[in-house]
Amino acid sequence: MNILILGSGGREHALAWAVKQNPKCDTLYAAPGNAGMAAHATCVALNPENSADVLSFVRENDISFVIVGPEAPLAIGVADDLRDAGVLTFGPSKAAARLEASKSFTKEICDAANAPTAAYGHFHDAESAKAYVREQGAPIVVKADGLAAGKGVIVAMDLETALSAIDDMFSGTFGGAGAEVVIEEFMEGEEASYFILCDGKNVLPVGTAQDHKRVGEGDTGPNTGGMGAYSPAPVLTDDIAERALDEIVRPTVAEMERRGTPYQGVLYAGLMIKDGQPRLVEYNVRFGDPECQVLMMRLGAQALDLMLATAEGRLDTAKVNWADDHAMTVVMAANGYPGSYGKGDVIRGLETLADDSFHKCFHAGTKADGDNTLANGGRVLNITARGETLKEAQERAYSELDKVDWEGGFYRHDIGWRAL
Ligand code: AMP
Ligand code: GLY
């Protein structure tokens, strides 16, 4: 079958690499893709958020399966448009994507599903939000309700920070995303991510991961989209994972079905774990980036079969074949990221990197220029490795990093430190 992947980051490169290994995949297309994805897929200049263009391309190229990578097309209903036109699609409907696109919606679903999460209030104006914050005290968490590219969450350790975050949100710092605000109890514990395929009714876990969100060593400095990740997450033991499935994920999927908006795709549950109890921090309606890179490294070609089973409603009979392995990815970012950074540096040495089932360099933000690969984003490369232990995966990833010749880039030297 011909397959189309929508998106252009490291997540989509990892998906393309895994999908292309599966003999069921004939021609693979990526829209818009990146320089690294071009090794596995034909990259096409299509906007993934333009359903009409995507649909014409699907028809003209005899595509039988579309995998939607990022949240933005899902939140505006691209998966609905494709399915309405009879195209088999991996990814939730616009209504189900509200689990990521609206934090107050997720809290409402947790209430209905009786899923453990932080206590909260939902506000439409600054005065009542501030009154609630004064009543609750700090630490407290202030969240813009809508999609804010991962920047709409302020964990306020004191009252002043919380109050000014509320002013910022209602004065439009996050655009429309901040027109409503959710204020949450501050949860302590260790965070981990749990990835579960859902076909509307059945669920199938496909791995756990932990990422490093802060830009600096020792998890310091500003938040980023993620500077590295590893899988599995040791803190999400089998018992705790089972508990998260029973108490949080299954009740959520049942509630979405009950409302007539079944969830189909991958559900990414961000969990806070304390004393053996998982609580929901947030849902995302897509694979994490860079968490997807470590999941794909471990799943390989079966990822396509699992995504097909998800889209076709067959997860009740699907299963994952686990190798008892570990994977790690280290992000190389452009100097200045997550602030402003330059583009266009030539990255050398990529041809010297190992490229096999233990080592893979996924491209996150690159552009081809003749024979050269240029940096073309904040997060640029994801040096990824697999091993029998996390330590082995880490050693493999870091020894590959030494081969990349790019003065304009940097990476964290301590990915995995909590687990190791
Ligand atoms: P989110 O975008 O909801 O994942 O929030 C970003 C980060 O803020 C999370 O990964 C947590 O580290 C932190 N966070 C969000 N909500 C809470 C909470 N209720 N308690 C403590 N930390 C939180
Ligand atoms: N790495 C965090 C995310 O994908 O949201």
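The values are calculated or read from the model by the stated rules, or taken from the named source; none is laboratory data. Every value quoted in this text rests on a predicted model; they were computed, and no experiment measured them. When we count neighbours, we look across all protein chains shown, and the Cβ atoms used for this are built from the backbone with ideal geometry, even at glycine.
Using the structure shown, decide if I196 is within 16 Å of ligand 1 (Cβ to nearest atom), within 26 Å of D305 (Cα to Cα) and buried (at least 22 other Cβ atoms within 10 Å of the Cβ).
Values: within 16 Å of ligand 1 (Cβ to nearest atom): no; within 26 Å of D305 (Cα to Cα): yes; buried (at least 22 other Cβ atoms within 10 Å of the Cβ): yes.
Against the criterion (within 16 Å of ligand 1 (Cβ to nearest atom), within 26 Å of D305 (Cα to Cα) and buried (at least 22 other Cβ atoms within 10 Å of the Cβ)), I196 does not qualify.
Checking C110 against (1) touching a residue at least 40 places away in the same chain (Cβ under 8 Å); (2) part of a helix (DSSP H, G or I); (3) among the hydrophobic types (A, V, I, L, M, F, W, C); (4) in contact with a helix residue (DSSP H, G or I) (Cβ under 7 Å, 6 or more places away or on another chain): exactly one of these is not met. Which one?
Of the numbered conditions (1) touching a residue at least 40 places away in the same chain (Cβ under 8 Å); (2) part of a helix (DSSP H, G or I); (3) among the hydrophobic types (A, V, I, L, M, F, W, C); (4) in contact with a helix residue (DSSP H, G or I) (Cβ under 7 Å, 6 or more places away or on another chain), the odd one out for C110 is (4).
Would the stretch 293-312 turn up any residue that is away from ligand 1 (no atom under 16 Å from the Cβ), outside any helix (DSSP H, G or I), over 20 Å from the mean Cα position of the chain (by Cα) and modelled with pLDDT of 95 or more? Write out each step before concluding.
Within the stretch 293-312, the subset away from ligand 1 (no atom under 16 Å from the Cβ) is 293-312.
Checking which are outside any helix (DSSP H, G or I) leaves us with 300-301, 312.
Then drop every residue that is not over 20 Å from the mean Cα position of the chain (by Cα), which leaves 312.
When the remaining residues are screened for being modelled with pLDDT of 95 or more, the result is 312.
Looking for residues that are away from ligand 1 (no atom under 16 Å from the Cβ), outside any helix (DSSP H, G or I), over 20 Å from the mean Cα position of the chain (by Cα) and modelled with pLDDT of 95 or more, one finds at least one in the stretch 293-312, hence yes.
Go over the candidates V87, V58 one by one and state the one that is at pLDDT 95 or above, over 21 Å from the mean Cα position of the chain (by Cα), crowded, with 17+ Cβ neighbours inside 10 Å and in a helix (DSSP H, G or I).
On the way: V87 fails: in a helix (DSSP H, G or I).
Step by step, each of V87, V58 is checked, and only V58 is at pLDDT 95 or above, over 21 Å from the mean Cα position of the chain (by Cα), crowded, with 17+ Cβ neighbours inside 10 Å and in a helix (DSSP H, G or I).
Within the stretch 132-152, restricting attention to residues that are on the phi < 0 side of the Ramachandran plot and in contact (Cβ under 8 Å) with a residue 60 or more places away in the chain, which residue is surrounded by the most Cβ atoms within 10 Å (Cβ to Cβ)?
Keep residues of the stretch 132-152 that are on the phi < 0 side of the Ramachandran plot, which gives 132-136, 138-148, 151-152.
Applying the additional criterion that residues be in contact (Cβ under 8 Å) with a residue 60 or more places away in the chain yields 147, 151.
On the way: L147: 20, K151: 15.
The extreme case among them is L147.
What are the residues in the stretch 23-43 that are in a loop (DSSP other than H, G, I, E, B) and buried (at least 18 other Cβ atoms within 10 Å of the Cβ), if any?
Applying the first criterion (in a loop (DSSP other than H, G, I, E, B)) to the stretch 23-43 yields 23-27, 33-36, 40-41.
Of everything in the stretch 23-43, those that are in a loop (DSSP other than H, G, I, E, B) and buried (at least 18 other Cβ atoms within 10 Å of the Cβ) turn out to be C25, G33, N34, A35, G36, H40, A41.
Among the residues of the stretch 44-55, what is the count of those that are loosely packed, with under 15 Cβ neighbours inside 10 Å and either over 19 Å from N34 (Cα atoms) or in contact with a Leu (Cβ under 8 Å, 6 or more places away or on another chain) (or both)?
Adding up the residues that qualify gives 1.
Would you check which residues across the stretch 254-274 are away from ligand 2 (no atom under 16 Å from the Cβ) and either buried (at least 24 other Cβ atoms within 10 Å of the Cβ) or more than 17 Å from L315 (Cα to Cα) (or both) and list them? Talk me through it step by step, then tell me what you get.
Initially, the stretch 254-274 is screened for residues away from ligand 2 (no atom under 16 Å from the Cβ), giving 254-264, 273-274.
Across the stretch 254-274, the qualifying residues are E255, M256, R258, R259, G260, T261, Y263, Q264, I273, K274.
Pairs under 8 Å by beta carbon, first residue more than 11 Å from G276 (Cα to Cα) in the stretch 236-253, partner of a type in the set (G, A, S) and assigned to a helix (DSSP H, G or I), six or more apart or different chains?
Listed pairs, sorted by first residue: I248/A113; P251/A113; T252/A113.
Does D325 qualify as being more than 16 Å from ligand 2 (Cβ to nearest atom) and free of Cβ contacts under 8 Å to residues at least 12 places away in the same chain? Even if it seems obvious, please write down each step before you answer.
Working: more than 16 Å from ligand 2 (Cβ to nearest atom): yes; free of Cβ contacts under 8 Å to residues at least 12 places away in the same chain: no.
Taking the combined requirement at face value, the residue does not satisfy it.
Do you know which of the residues in the stretch 381-399 that are buried (at least 20 other Cβ atoms within 10 Å of the Cβ) and in contact with a helix residue (DSSP H, G or I) (Cβ under 9 Å, 6 or more places away or on another chain) is nearest to N34 (Cα to Cα)?
Out of the qualifying residues, it is L381.
Scan the stretch 3-25 and give yes if some residue there is more than 22 Å from K94 (Cα to Cα) and either acidic (D, E) or touching a Ser or Thr at 6+ places or on another chain (Cβ under 7 Å) (or both), otherwise no.
The answer is no; no qualifying residue exists.
Hand me the list of strands (runs of 3 or more DSSP E) wholly inside the stretch 207-292 holding 3 or more residues that are more than 13 Å from ligand 1 (Cβ to nearest atom) and under 20 Å from the mean Cα position of the chain (by Cα).
On the way: elements: 214-216, 220-223, 228-231, 264-274, 277-284.
Filter on the stretch 207-292 gives 228-231, 264-274.
In the stretch 379-420, which residues are over 27 Å from G342 (Cα atoms) and assigned to a loop (DSSP other than H, G, I, E, B)? Quick ask: steps written out before the conclusion?
Applying the first criterion (over 27 Å from G342 (Cα atoms)) to the stretch 379-420 yields 385-396, 416-420.
Correct list: E388, T389, G416, W417, R418, A419, L420.
Return the residues of the stretch 92-107 that are closer than 14 Å to V253 by Cα and part of a loop (DSSP other than H, G, I, E, B); say none if nothing qualifies.
Passing the criteria: P92, S93, A95, A96, A97.
Among the listed residues A179, A112, which satisfies the condition of being over 25 Å from T224 (Cβ atoms), surrounded by fewer than 17 Cβ atoms within 10 Å (Cβ to Cβ) and at pLDDT 95 or above?
On the way: A179 fails: at pLDDT 95 or above.
None of the others qualify; the one that does is A112.
Among A31, A79, A14, A35, which is of a type in the set (A, V, I, L, M), at pLDDT below 95 and touching a strand residue (DSSP E or B) at 6+ places or on another chain (Cβ under 6 Å)?
Values: A31 fails: at pLDDT below 95; A79 fails: at pLDDT below 95; A14 fails: at pLDDT below 95.
Going through A31, A79, A14, A35 in turn, just one is of a type in the set (A, V, I, L, M), at pLDDT below 95 and touching a strand residue (DSSP E or B) at 6+ places or on another chain (Cβ under 6 Å): A35.
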